[in-house]
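Report on one structure; see the data block that follows.
The values are calculated or read from the model by the stated rules, or taken from the named source; none is laboratory data. Here the structure is a predicted model, which means the values were calculated and not measured. Virtual Cβ from ideal backbone geometry, glycine too; neighbours counted across all protein chains shown. The accessibility values were calculated without ligands, DNA or RNA, using every heavy atom of the protein model including side chains. Shrake-Rupley method; radii C 1.70, N 1.55, O 1.52, S 1.80 Å.
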Amino acid sequence: MAVNIENYNKIKEQLSQKNVTLVAVSKIKTIAEIQILYDLGQRDFGENYVQELLEKYEALPKDIRWHFIGHLQSNKVKYIAAFVHLIHGVDSLSLIKEINKQGKKLNRQIPCLLQVHIAKEETKFGFSHEETRNLISEFSETTQSVYPCIELQGLMGMASFTEDNSLIIDEFTGLKKLFDEIRLKWQSPLFNILSMGMSADYMFGINAGSTMVRIGSLLFGSRIKQ
Ligand SMILES: *Cc1c(COP(=O)(O)O)cnc(C)c1O
């Protein structure tokens with residue numbers, strides 16, 4: 001299995017025209033494979049597992065921006081709180097509270113995205129649109145956020161795993177609408193990331209207004225063990 005440099009260059013080209021950030025999803029992949037993309041200039045990498053992220057963080061250059069994109073267990077926040085660049089999958093109130101607590105200890109505002117449940121599958125994590133609206137008001141209090149050690153930078157969503165392209169487009173478009181609605185109301189300059197799109201559906205994500213895509217298998221090959 002090898003890094004697909006041709007795909008990398010093609011995707012970088014597509015994204016640069018639209019000002020979309022590429023997070024190279026390197027879960028399960030080796031340090032050597034990550035180093036290849038790093039040497040080509042890639043700095044944003046996404047990981048799903050805390051232990052694996054810690055090992056890679058230790059071994060690789062310190063100017064890498066590490067994104068935590070998976071489901072994060074509250075009891076593991078403390079291991080990544082000091083260095084993580086952005087937590088995409090913030091999907092419960094208890095996780096919000098724990099991230100805020102760890103941020104306080106470190107005197108750091110930890111950058112986060114709220115994960116919104118947009119897919120039909122029940123297995124995907126995240127808040128409903130309504131829950132998201134209600135939560136946002138706690139971050140956007142005019143006097144002080146309820147969670148001052150979280151820097152809320154936007155929203156993340158995962159579309160249904162389906163062949164039905166129109167369903168994917170609907171789900172991404174709905175999330176973009178919610179994102180715009182919140183931005184209009186809140187007017188925080190920091191709230192400007194919409195993370196949607198993976199290998200199979202990133203073009204739909206971009207066309208619907210994504211500002212950040214998380215792409216793994218197109219860059220690193222399939223993760224399925226042979
Ligand atoms: C694994 C993963 C990705 C990347 O998936 P690919 O289909 O390999 O591009 C993106 N986002 C999340 C949350 C993931 O867990």
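Where in the stretch 30-91 are there strands (runs of 3 or more DSSP E), lying fully within it, with 3 or more residues that are in contact (Cβ under 8 Å) with a residue 24 or more places away in the chain and within 15 Å of the chain's Cα centre (by Cα)?
Numbers: elements: 44-47, 65-68, 86-90.
By residue number, 86-90.
Looking only at residues in the stretch 170-221 that are near the ligand (Cβ under 8 Å from one of its atoms) and open to solvent by 20 Å² or more (accessible area, probe 1.4 Å), which one is farthest from N19 (Cα to Cα)?
Among them, the one singled out is S217.
Within the stretch 62-74, can one find any residue that is within 14 Å of the ligand (Cβ to nearest atom), under 25 Å from A208 (Cβ atoms) and among the β-branched types (V, I, T)?
Yes.
Would you be able to say whether some residue in the stretch 93-101 is farther than 27 Å from L178 by Cα and more than 17 Å from the chain's Cα centre (by Cα)? Explain how you work it out, then say what you get.
The initial filter retains those residues of the stretch 93-101 that are farther than 27 Å from L178 by Cα, namely 101.
Within this subset, residues satisfying the condition of being more than 17 Å from the chain's Cα centre (by Cα) are 101.
There is at least one residue in the stretch 93-101 that is farther than 27 Å from L178 by Cα and more than 17 Å from the chain's Cα centre (by Cα).
Restricting to the stretch 189-213, what's the tally of residues that are under 21 Å from F139 (Cβ atoms) and out of contact with any strand residue (DSSP E or B) (no Cβ under 8 Å at 6 or more places or on another chain)?
The qualifying residues number 1.
Confirm whether Q115 is touching an Asp or Glu at 6+ places or on another chain (Cβ under 8 Å), of a type in the set (S, T, N, Q) and closer than 25 Å to G174 by Cα. Break it down stepwise before answering.
On the way: touching an Asp or Glu at 6+ places or on another chain (Cβ under 8 Å): yes; of a type in the set (S, T, N, Q): yes; closer than 25 Å to G174 by Cα: yes.
Yes.
Could you figure out which of (1) open to solvent by 80 Å² or more (accessible area, probe 1.4 Å); (2) within 22 Å of I80 (Cα to Cα); (3) more than 16 Å from the ligand (Cβ to nearest atom) isn't true of Q51?
The one condition Q51 does not meet is (3).
Among the numbered criteria (1) within 16 Å of the ligand (Cβ to nearest atom); (2) surrounded by 22 or more Cβ atoms within 10 Å (Cβ to Cβ); (3) more than 23 Å from T123 (Cα to Cα), which single criterion is violated by G157?
The number of the failed condition is (3).
Would it be correct to say that S92 is hydroxyl-bearing (S, T, Y) and open to solvent by less than 60 Å² (accessible area, probe 1.4 Å)?
Values: hydroxyl-bearing (S, T, Y): yes; open to solvent by less than 60 Å² (accessible area, probe 1.4 Å): yes.
Here the answer is yes, as S92 does meet what is asked.
Before we move on, is R133 open to solvent by 50 Å² or more (accessible area, probe 1.4 Å) and not in a loop (DSSP other than H, G, I, E, B)?
Working: open to solvent by 50 Å² or more (accessible area, probe 1.4 Å): yes; not in a loop (DSSP other than H, G, I, E, B): yes.
Criteria met by R133.
Taking the stated definitions as given, is G70 modelled with pLDDT of 95 or more and open to solvent by less than 60 Å² (accessible area, probe 1.4 Å)? Give the steps one after another, and end with the answer.
Details: modelled with pLDDT of 95 or more: no; open to solvent by less than 60 Å² (accessible area, probe 1.4 Å): yes.
For G70, the condition - modelled with pLDDT of 95 or more and open to solvent by less than 60 Å² (accessible area, probe 1.4 Å) - is not met.
Taking into account only those residues within the stretch 1-41 that are of a type in the set (K, R) and either surrounded by fewer than 13 Cβ atoms within 10 Å (Cβ to Cβ) or more than 16 Å from the ligand (Cβ to nearest atom) (or both), which is nearest to L60 (Cα to Cα)?
Quick first cut of the stretch 1-41, residues of a type in the set (K, R) only: 10, 12, 18, 27, 29.
Now narrow it down to the ones that are either surrounded by fewer than 13 Cβ atoms within 10 Å (Cβ to Cβ) or more than 16 Å from the ligand (Cβ to nearest atom) (or both): 10, 18.
Working: K10: 25, K18: 29 Å.
My answer is K10.
Any idea which residue in the stretch 1-29 is nearest to R214 (Cα to Cα), counting only those that are among the charged types (D, E, K, R) and not in a helix (DSSP H, G or I)? Before the answer, list the steps.
Of all residues in the stretch 1-29, those among the charged types (D, E, K, R) come to 6, 10, 12-13, 18, 27, 29.
Subset that is not in a helix (DSSP H, G or I): 27, 29.
On the way: K27: 11, K29: 15 Å.
Selected residue: K27.
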